[in-house]
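**Student:** Mind looking over this structure? Questions follow.
The values are calculated or read from the model by the stated rules, or taken from the named source; none is laboratory data. These numbers come from a predicted model, not from an experiment. Cβ sites come from the backbone with ideal geometry, for glycine too, and all protein chains shown count toward neighbours. To get the accessible areas, we keep the full protein, side chains included, count just its heavy atoms, and leave off ligands, DNA and RNA. Shrake-Rupley method; radii C 1.70, N 1.55, O 1.52, S 1.80 Å.
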Amino acid sequence: MLKFLLLLASFANCAGGLVLIATWATMHERVPIIVLFIGASLLIQGGYSILYLQGELDRWGGIATGAMFAGEGLAACVGAAGLIQGIIHNMQHDDMEMAPVLAGFLMLTKAVLALIYLVASNKLRPAKIN
(Lines give C-alpha, C1' and ligand atoms only; values in the text may rest on other atoms or scores of the structure.)
Protein backbone atom coordinates (compact mmCIF):
# COMPACT_ATOMS: atom_id res chain seq x y z
CA MET A 1 0.00 0.00 0.00
CA LEU A 2 2.83 2.41 0.88
CA LYS A 3 4.56 1.67 -2.41
CA PHE A 4 1.33 2.40 -4.27
CA LEU A 5 0.88 5.73 -2.43
CA LEU A 6 4.48 6.66 -3.19
CA LEU A 7 4.00 5.78 -6.84
CA LEU A 8 0.81 7.85 -6.96
CA ALA A 9 2.57 10.81 -5.30
CA SER A 10 5.44 10.45 -7.77
CA PHE A 11 3.07 10.69 -10.72
CA ALA A 12 1.40 13.69 -9.09
CA ASN A 13 4.81 15.37 -8.77
CA CYS A 14 5.56 14.69 -12.43
CA ALA A 15 2.20 16.12 -13.47
CA GLY A 16 2.63 19.17 -11.24
CA GLY A 17 6.13 19.71 -12.57
CA LEU A 18 4.92 19.52 -16.17
CA VAL A 19 2.15 22.02 -15.42
CA LEU A 20 4.62 24.49 -13.91
CA ILE A 21 7.06 24.06 -16.80
CA ALA A 22 4.25 24.58 -19.32
CA THR A 23 3.01 27.61 -17.40
CA TRP A 24 6.41 29.22 -17.52
CA ALA A 25 6.87 28.29 -21.20
CA THR A 26 3.60 29.88 -22.25
CA MET A 27 3.77 32.97 -20.03
CA HIS A 28 7.49 33.53 -19.38
CA GLU A 29 7.00 37.31 -19.68
CA ARG A 30 4.81 37.36 -16.55
CA VAL A 31 5.92 34.26 -14.64
CA PRO A 32 9.25 34.29 -12.77
CA ILE A 33 11.91 31.80 -13.82
CA ILE A 34 11.80 30.14 -10.40
CA VAL A 35 8.56 28.49 -11.57
CA LEU A 36 10.55 26.67 -14.25
CA PHE A 37 13.09 25.43 -11.69
CA ILE A 38 10.42 24.32 -9.22
CA GLY A 39 8.65 22.48 -12.02
CA ALA A 40 11.87 20.79 -13.06
CA SER A 41 12.55 19.81 -9.44
CA LEU A 42 9.12 18.22 -9.09
CA LEU A 43 9.55 16.39 -12.39
CA ILE A 44 12.99 15.05 -11.45
CA GLN A 45 11.87 14.07 -7.94
CA GLY A 46 8.84 12.18 -9.25
CA GLY A 47 10.67 10.62 -12.20
CA TYR A 48 13.55 9.31 -10.09
CA SER A 49 11.13 7.73 -7.62
CA ILE A 50 9.16 6.05 -10.39
CA LEU A 51 12.36 4.60 -11.84
CA TYR A 52 13.51 3.50 -8.37
CA LEU A 53 10.20 1.84 -7.48
CA GLN A 54 10.01 0.02 -10.82
CA GLY A 55 13.48 -1.46 -10.26
CA GLU A 56 15.13 0.40 -13.13
CA LEU A 57 17.93 1.59 -10.84
CA ASP A 58 18.62 -1.76 -9.14
CA ARG A 59 21.92 -2.19 -10.97
CA TRP A 60 23.25 0.81 -9.01
CA GLY A 61 22.50 -0.94 -5.71
CA GLY A 62 23.13 1.13 -2.61
CA ILE A 63 24.11 4.20 -4.62
CA ALA A 64 20.56 4.52 -5.97
CA THR A 65 19.12 4.12 -2.49
CA GLY A 66 21.58 6.62 -1.03
CA ALA A 67 20.72 9.12 -3.75
CA MET A 68 17.03 8.56 -3.09
CA PHE A 69 17.52 9.10 0.66
CA ALA A 70 19.65 12.22 0.22
CA GLY A 71 17.41 13.69 -2.46
CA GLU A 72 14.21 13.09 -0.54
CA GLY A 73 15.72 14.45 2.67
CA LEU A 74 16.64 17.64 0.84
CA ALA A 75 13.26 17.73 -0.92
CA ALA A 76 11.50 17.49 2.44
CA CYS A 77 13.39 20.54 3.69
CA VAL A 78 12.82 22.53 0.48
CA GLY A 79 9.15 21.50 0.29
CA ALA A 80 8.52 22.46 3.91
CA ALA A 81 10.26 25.81 3.40
CA GLY A 82 8.26 26.46 0.22
CA LEU A 83 5.00 25.51 1.89
CA ILE A 84 5.67 27.75 4.89
CA GLN A 85 6.84 30.64 2.70
CA GLY A 86 3.76 30.30 0.49
CA ILE A 87 1.43 30.36 3.48
CA ILE A 88 3.19 33.38 5.00
CA HIS A 89 3.05 35.19 1.65
CA ASN A 90 -0.67 34.51 1.33
CA MET A 91 -1.32 35.77 4.86
CA GLN A 92 0.51 39.03 4.12
CA HIS A 93 -0.86 39.72 0.62
CA ASP A 94 -4.27 39.74 -0.99
CA ASP A 95 -3.25 37.93 -4.20
CA MET A 96 -3.49 34.39 -2.68
CA GLU A 97 -0.89 32.60 -4.80
CA MET A 98 -1.74 28.91 -4.44
CA ALA A 99 0.86 27.49 -6.85
CA PRO A 100 3.80 27.86 -4.41
CA VAL A 101 1.73 26.37 -1.59
CA LEU A 102 0.70 23.39 -3.73
CA ALA A 103 4.23 22.88 -5.07
CA GLY A 104 5.65 22.89 -1.54
CA PHE A 105 2.92 20.53 -0.38
CA LEU A 106 3.53 18.11 -3.28
CA MET A 107 7.28 18.12 -2.73
CA LEU A 108 7.04 17.68 1.04
CA THR A 109 4.37 14.97 0.95
CA LYS A 110 6.19 12.94 -1.69
CA ALA A 111 9.49 13.25 0.20
CA VAL A 112 7.98 12.13 3.49
CA LEU A 113 6.31 9.14 1.80
CA ALA A 114 9.60 8.18 0.15
CA LEU A 115 11.55 8.42 3.41
CA ILE A 116 8.94 6.33 5.21
CA TYR A 117 9.07 3.79 2.37
CA LEU A 118 12.86 3.53 2.59
CA VAL A 119 12.73 2.96 6.34
CA ALA A 120 9.73 0.60 6.29
CA SER A 121 11.15 -1.54 3.48
CA ASN A 122 14.54 -1.83 5.27
CA LYS A 123 16.40 -0.34 2.29
CA LEU A 124 18.65 1.78 4.51
CA ARG A 125 20.63 -1.04 6.07
CA PRO A 126 24.44 -0.79 6.01
CA ALA A 127 26.26 -2.54 3.20
CA LYS A 128 28.20 -5.71 4.00
CA ILE A 129 31.95 -5.28 3.79
CA ASN A 130 33.83 -8.32 2.55
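**Student:** Loop-only GluC sites (Glu not before Pro) in the stretch 3-105, please: DSSP not H, G, I, E or B, and at most 11 other Cβ atoms within 10 Å. Can you show the working numbers first?
**Tutor:** On the way: sites: E29, E56, E72, E97; in loops: E29, E56, E97.
Passing both the DSSP loop test and the Cβ count: E29, E97.
**Student:** Could you state the angle between the C-alpha long axis of helix 62-92 and the longest principal axis of the C-alpha atoms of the chain, as a value from 0 to 90 degrees rounded to the nearest 10?
**Tutor:** Approximately 20 degrees, to the nearest ten.
**Student:** Taking the Cβ-Cβ separation of C77 and A22 as r and a Förster radius of 41 Å, what is the calculated FRET efficiency to the nearest 0.05? Don't skip to the answer; put the middle values down first.
**Tutor:** Working: r = 26 Å, r/R0 = 0.65.
The calculated FRET efficiency here is 0.95.
**Student:** Let me ask something else. Roughly how many Å² is the accessible area per residue of the stretch 1-81, as a whole number, for a 1.4 Å probe? Don't skip to the answer; put the middle values down first.
**Tutor:** Numbers: 4690 Å² over 81 residues.
Accessible area per residue: 58 Å².
**Student:** From the mean inverse distance of alpha carbon pairs (Kirkwood) and the Cα radius of gyration, derive Rg over Rh for the chain.
**Tutor:** On the way: Rg = 16.2 Å, Rh = 15.5 Å.
Taking Rg over the Kirkwood Rh, I get 1.04.
**Student:** Relative to the longest principal Cα axis of the chain, at what angle does helix 99-120 sit, 0 to 90 degrees, rounded to 10?
**Tutor:** 10 degrees
**Student:** Between M1 and I87, what length in nm is gained on full extension when 0.36 nm per residue of separation is reduced by their alpha carbon distance?
**Tutor:** Working: separation 86, 0.36 × 86 = 30.96 nm, distance 3.06 nm.
Working it through step by step, the gained length comes to 27.9 nm.
**Student:** How much of the pair distance distribution for the stretch 9-52 lies past 13 Å, counting alpha-carbon pairs only, in percent? Write down the numbers at each step before the final one.
**Tutor:** Details: 440 of 946 pairs.
Considering the stretch 9-52, 47 percent of its Cα-Cα pairs are separated by more than 13 Å.
**Student:** If the label point is 7 Å along Cα→Cβ of D95, which residues in the stretch 1-39 have backbone nitrogen under 13 Å from it?
**Tutor:** Residues 30-35 fall inside that zone.
**Student:** While we're looking at this one, here's another question. So what's the back-of-envelope 222 nm ellipticity for the chain, counting only DSSP H runs of four-plus at -39500 (n - 2.57) apiece and dividing by all residues, rounded to 500? Walk me through the numbers before you get to the answer.
**Tutor:** Values: 4 runs with 98 residues, N = 130.
Only helices count here, giving -26500 deg cm²/dmol.
**Student:** Okay, moving on. Which loop-located trypsin sites (Lys or Arg not before Pro) does the stretch 56-126 contain, where loop means any DSSP state but H, G, I, E or B and the Cβ has at most 16 other Cβ atoms within 10 Å?
**Tutor:** On the way: sites: R59, K110, K123; in loops: K123.
Passing both the DSSP loop test and the Cβ count: K123.
**Student:** Could you please state how large a percent of the accessible area of the stretch 1-71 is carbon and sulfur, counting protein chains only and using a 1.4 Å probe? Don't jump to the answer; show the numbers that get you there.
**Tutor:** On the way: 3220 of 4260 Å².
The computed percentage sits at 76.
**Student:** Using Cα pairs under 8 angstrom and six or more residues apart, how large is the relative contact order of the chain, in percent? Working shown, then result.
**Tutor:** On the way: 140 pairs, mean separation 36.6, N = 130.
RCO, the chain: 28 percent.
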